[in-house]
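Visitor: Before we start, here is the structure in question, set down as structure tokens.
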Amino acid sequence: MPSARLSQPPNLVAVDLGAESCRVSLLQWHGDGPQIELIHRSSNGPVARGNSLHWNLEGLLKSVRMSLRLCAERTNAPIASIGVDGWAVDYVRLNDNGDSIGEPFCYRDERTLASEALLEQSCPAAFLYRQTGVQPLRINTLYQLVADRQAGVPSHYRWVNLPEYVLSQLGGRLVAELTNAAHTGLLDVQRNGWNKDVFECAGLDLRAASELVPTGTDIGALSSELRELRPFAETRLIAPACHDTASAVAGIPAQEDHWAYISSGTWSLPGAMLDQPVASDDARGAGFTNLRAAGGQYCFHKNVNGMWLLRQVQMQLCSGENAWTMPDLIAAAEKLPSPRGMLDVDHPALLLPGNLASLINRQLSEQDLSAIPENAASLPAFASLIFHSLAHRYKEVLRDVAQLTGRQLERIYVVGGGSLNPFLNRLTTEATGLPLSCGVVESSTIGNFAVQLAALEGASQARDRLRHWAGMLTSAQCQPASPAAFP
């Protein structure tokens, strides 16, 4: 075994920042192998400040620090490193003193409607896609930075995405990790550098962007008061795949070359891993994006609506007196006859919150199909329709992946909450004709740890080591979360 490989795997911490909840997990090693324990989960969500949506930055940082203290209470052994991943596109702006100028905006804030219209004049969507390989969406960092410019924020003020900002607050230097930088819409599609042409056409200051670093970079020592705690005395800070989807894909221990993935949760992200980007007009027209992945590859996928549909339906139809657990709801849906038609799950009307059951019935009416009664007892019928429609959409997207890349897909790996939905997984197998393997719900945690371990042995870009650690950690017994209730 090469000397660079770890003779004794160390204890680690993974911080997963989610738009709905944030998790902090501890990896320890015992005689029977790795053990991953969820130490703390805290709720998260955008908060309204007047007519704007923001993130509670101080609350987020306080929760992370408190969770790290709980990790130190859980073990006396040294913790070698901490990695942070999270949702993409949102960032913190820093003044000349390095202080935050205020709570970061949420990507759902409507301030980017104006910047989207402005950018289309100077930086057409086709130009942006050719330059970055990323679908030009108004939630992207690019559009948010233009909105800052329109609001009078000094152009030279530094900006740093949220996971990297949290790492900096723990002692790390300010960086932009590659998988997260790709999601900004400002990274060059062909090289590991910021795209100067996009900065120029958007009127943005390149000096405000942070230093780009590869996935798995050590960015410094833990230097906050946490270092006084014995387990954190020598702890390093590692930028894993800071984009949570890239971390989730890094947590897949796939051995095949031509495999597809579906990151299934609030959103569904069906796609495949590529060695080179596909930034053709056909790929743009089909809605695909090219995002960086651990191991030097590209995540080539498309955003598809996901379990958010079901959550919105239950919010409209159900009260706390008509609670469903997810397993019971799936079982009830599976007993129903197959629906006569399919939803267009990506119809713009189904992407916004509110009255989703009524909007679904409107689609059914347009197909001359019977409406589903809008009451709590009908939730299994809505679930069945949503699951069948999602599987049908996955088939369409993965067919497009094969056509656009020239690859014959051999297997699907499902990670995220959808991995616990046997009905949807069966429908997906039947629709696509591909065998399906389930990863773990918290695959971003697995990928976060896998990158840290590979980095600690000096092999953060070695795909075989990433797969090795992902496979070992996937078999670990994770502390189960409480069953999700659908009140």
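The values are calculated or read from the model by the stated rules, or taken from the named source; none is laboratory data. Remember, it's a predicted structure, so these values are computed and weren't measured experimentally. Note that each Cβ is placed from the backbone with ideal geometry, even for glycine, and that neighbours are counted across all protein chains shown. For accessibility, only protein heavy atoms count, side chains too; no ligands or nucleic acids. Shrake-Rupley method; radii C 1.70, N 1.55, O 1.52, S 1.80 Å.
Visitor: For A176, are the conditions met, namely being open to solvent by less than 10 Å² (accessible area, probe 1.4 Å) and either farther than 19 Å from C201 by Cβ or in contact (Cβ under 8 Å) with a residue 60 or more places away in the chain (or both)?
Guide: Considered against the rule, which asks whether it is open to solvent by less than 10 Å² (accessible area, probe 1.4 Å) and either farther than 19 Å from C201 by Cβ or in contact (Cβ under 8 Å) with a residue 60 or more places away in the chain (or both), A176 comes out as yes.
Visitor: Is it the case that N448 is over 26 Å from D281 (Cβ atoms), assigned to a helix (DSSP H, G or I), without any contact (Cβ under 8 Å) to a residue 24 or more places away in the chain and open to solvent by less than 50 Å² (accessible area, probe 1.4 Å)?
Guide: no
Visitor: Every residue in the range 107-117 that is at pLDDT 90 or above, surrounded by fewer than 18 Cβ atoms within 10 Å (Cβ to Cβ) and not in a helix (DSSP H, G or I), please.
Guide: Scanning the range 107-117 gives a single hit, E110.
Visitor: While we're on this one: Any idea how many residues of the range 127-143 are open to solvent by 10 Å² or more (accessible area, probe 1.4 Å) and either on the phi > 0 side of the Ramachandran plot or at pLDDT below 95 (or both)?
Guide: Going through the range 127-143 one residue at a time, the tally reaches 5.
Visitor: If you check L379, L404, L390, which single one turns out to be assigned to a helix (DSSP H, G or I) and over 25 Å from M307 (Cα atoms)?
Guide: Selected residue: L404, the only one of L379, L404, L390 that is assigned to a helix (DSSP H, G or I) and over 25 Å from M307 (Cα atoms).
Here's the yes/no breakdown for (1) more than 30 Å from A294 (Cα to Cα); (2) open to solvent by 10 Å² or more (accessible area, probe 1.4 Å); (3) without any contact (Cβ under 8 Å) to a residue 40 or more places away in the chain:
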site: L53; (1), (2), (3): yes, yes, no
site: G59; (1), (2), (3): no, yes, yes
site: K62; (1), (2), (3): no, yes, yes
site: I79; (1), (2), (3): no, no, no
site: D90; (1), (2), (3): no, no, no
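Visitor: Go over the candidates G406, G417 one by one and state the one that is closer than 27 Å to I252 by Cβ and in contact with a strand residue (DSSP E or B) (Cβ under 8 Å, 6 or more places away or on another chain).
Guide: G417
Visitor: Would you please list the contacts, defined by Cβ atoms under 7 Å and residues six or more apart or on different chains, that run from a residue in the range 95-106 that is outside any loop (DSSP other than H, G, I, E, B) to a residue that is β-branched (V, I, T)?
Guide: S100/V92
Visitor: Separate question: Which residue, of V160, V146, is assigned to a helix (DSSP H, G or I), open to solvent by less than 30 Å² (accessible area, probe 1.4 Å) and either more than 20 Å from N303 (Cα to Cα) or in contact with a Ser or Thr (Cβ under 9 Å, 6 or more places away or on another chain) (or both)?
Guide: V146
Visitor: Need the failing condition index for S268 against (1) among the polar types (S, T, N, Q); (2) modelled with pLDDT under 95; (3) open to solvent by 10 Å² or more (accessible area, probe 1.4 Å), just the number.
Guide: In the conditions (1) among the polar types (S, T, N, Q); (2) modelled with pLDDT under 95; (3) open to solvent by 10 Å² or more (accessible area, probe 1.4 Å), S268 misses (3) alone.
Visitor: Another one. Can you tell me which residue is farthest from V441 (Cα to Cα) among those in the range 216-248 that are buried (at least 24 other Cβ atoms within 10 Å of the Cβ) and in contact with a Pro (Cβ under 7 Å, 6 or more places away or on another chain)?
Guide: Checking each candidate, the answer is G216.
Visitor: Another question, if that's okay. Is it true that T184 is under 20 Å from L61 (Cα atoms), out of contact with any His (no Cβ under 6 Å at 6 or more places or on another chain) and either buried (at least 20 other Cβ atoms within 10 Å of the Cβ) or modelled with pLDDT of 95 or more (or both)?
Guide: no
Visitor: Considering the range 63-94 alone, what residues qualify as being part of a loop (DSSP other than H, G, I, E, B) and hydroxyl-bearing (S, T, Y)?
Guide: T75
Visitor: Consider A208 carefully, then state whether it is touching a His at 6+ places or on another chain (Cβ under 6 Å) and touching a residue at least 24 places away in the same chain (Cβ under 8 Å).
Guide: Criteria met by A208.
Visitor: Return the residue satisfying two criteria in turn: it lies in the range 452-466 and is polar (S, T, N, Q) and part of a loop (DSSP other than H, G, I, E, B), and of such residues it is farthest from G295 (Cα to Cα).
Guide: Here the residue is S460.
Visitor: Then there is this: Among the numbered criteria (1) among the β-branched types (V, I, T); (2) in contact with a Ser or Thr (Cβ under 9 Å, 6 or more places away or on another chain); (3) open to solvent by 10 Å² or more (accessible area, probe 1.4 Å), which one does I262 miss?
Guide: Every listed condition holds for I262 apart from (3).
Visitor: Quick one: would you say I446 is under 30 Å from L27 (Cβ atoms) and at pLDDT 95 or above?
Guide: yes
Visitor: Among (1) at pLDDT below 95; (2) under 21 Å from T217 (Cα atoms); (3) among the hydrophobic types (A, V, I, L, M, F, W, C), there is one condition I238 misses while meeting the rest; what is its number?
Guide: (1)
Visitor: Which residues, counting only those in the range 15-48, are out of contact with any Cys (no Cβ under 6 Å at 6 or more places or on another chain), modelled with pLDDT of 95 or more and of a type in the set (A, V, I, L, M, F, W, C)?
Guide: V15, L17, V24, L27, L38
Visitor: Let me ask you something else. Go through the range 84-115 residue by residue and tally those that are more than 23 Å from the chain's Cα centre (by Cα) and of a type outside the set (A, V, I, L, M, F, W, C).
Guide: Qualifying residue count, the range 84-115: 8.
Visitor: Assuming E120 fulfils every condition listed in (1) closer than 30 Å to V441 by Cα; (2) of a type in the set (D, E); (3) open to solvent by 20 Å² or more (accessible area, probe 1.4 Å); (4) outside any strand (DSSP E or B) apart from one, which condition is it?
Guide: It fails just one condition, (1).
Visitor: When the residues of the range 348-366 are narrowed to those that are open to solvent by 70 Å² or more (accessible area, probe 1.4 Å) and outside any helix (DSSP H, G or I), which ends up nearest to A286 (Cα to Cα)?
Guide: It comes out as L352.
Visitor: What number of residues within the range 277-300 are closer than 21 Å to A176 by Cβ and either of a type outside the set (A, V, I, L, M, F, W, C) or open to solvent by 20 Å² or more (accessible area, probe 1.4 Å) (or both)?
Guide: Final tally of qualifying residues: 9.
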